[in-house]
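Here the structure is laid out as structure tokens; the discussion comes afterwards.
The values are calculated or read from the model by the stated rules, or taken from the named source; none is laboratory data. This is a predicted model, so every value here is computed, not measured. Using ideal geometry, Cβ is built from the backbone for each residue, glycine included, and neighbour counts are taken over all protein chains shown. Just the protein is used for accessible areas: all its heavy atoms, side chains included, with ligands, DNA and RNA removed. Shrake-Rupley method; radii C 1.70, N 1.55, O 1.52, S 1.80 Å.
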Amino acid sequence: LDQLSSLLKADTDYPLDGLVVSVDNLALRTALGKTNHHYSWQLAIKEKLGTAKTTIKEIVWQTGRTGKVTPVLIVEPTTLSGATIQRVTAHNAQIVKQRKLGAGAEILIIRSGEVIPKIESVITPAETPDLATHCPSCGELLTLEEKFLVCHAGMGCPAQVENALRHFFNLLGTA
């Protein structure tokens, strides 16, 4: 598979970080079936790409249109896969809490799909995780629901209104 991946990379005009192998035999495809997430007759083979070590400077919390408040790690600038990385996704509050992310934590990052910077591992955790308590847009007290912090201010939250309008007009543009 490494040889096939190398051949494909040489024949394409864009970067590849892996390939998908599929079964061609229809009877075997049917027998293998599928899950709610993917076909069992397909296998994604991802190449392990470069990583970089960096330190978290702060966590910026962003409120989305649904009220979910998500963390973005502001990190010491580092070069990874030809790009200078300064912001890394942390996905949700549960990850911040479980991985003890906060100012001073050292992390190893990777660019998922050669695009999105994400945490590969935590080298040195922060002393205490940096969880938001209030909405960064309207100041509403946040509640923890499953793995997300949530602002329940609805239309009283400027970020929710702005992001709902952006979402609505994006939908109109794709119709």
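Computed values, structure above
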| quantity | calculated |
| --- | --- |
| E76 - accessible surface, heavy atoms, 1.4 Å probe, Å² rounded to 10 | 90 |
| Accessible area of region 16-131 belonging to carbon and sulfur atoms, whole % at 1.4 Å probe | 51 |
| Where trypsin sites (Lys or Arg not before Pro) fall in DSSP loop in region 22-91, at most 11 other Cβ within 10 Å | K48 |
| Accessible solvent surface per residue of region 22-116, calculated while the other protein chains remain in place, 1.4 angstrom probe, Å² | 59 |
| All aspartates and glutamates inside 19 Å of K46 as judged from Cα atoms, apart from same-chain residues fewer than 8 positions distant | D2, D11, D13, D17, E114, E120 |
| Distance histogram in 10 Å bins (all Cα pairs of the chain, percent per bin) | 9, 25, 26, 26, 12, 2 |
| Acute angle (nearest 10 degrees) that the helix 158-174 long axis makes with the longest principal axis of the chain, alpha-carbon atoms | 30 |
| Proximal lysines to K57, defined as alpha-carbon separation beneath 22 angstrom and excluding residues fewer than eight positions away on the same chain | K97, K100, K118 |
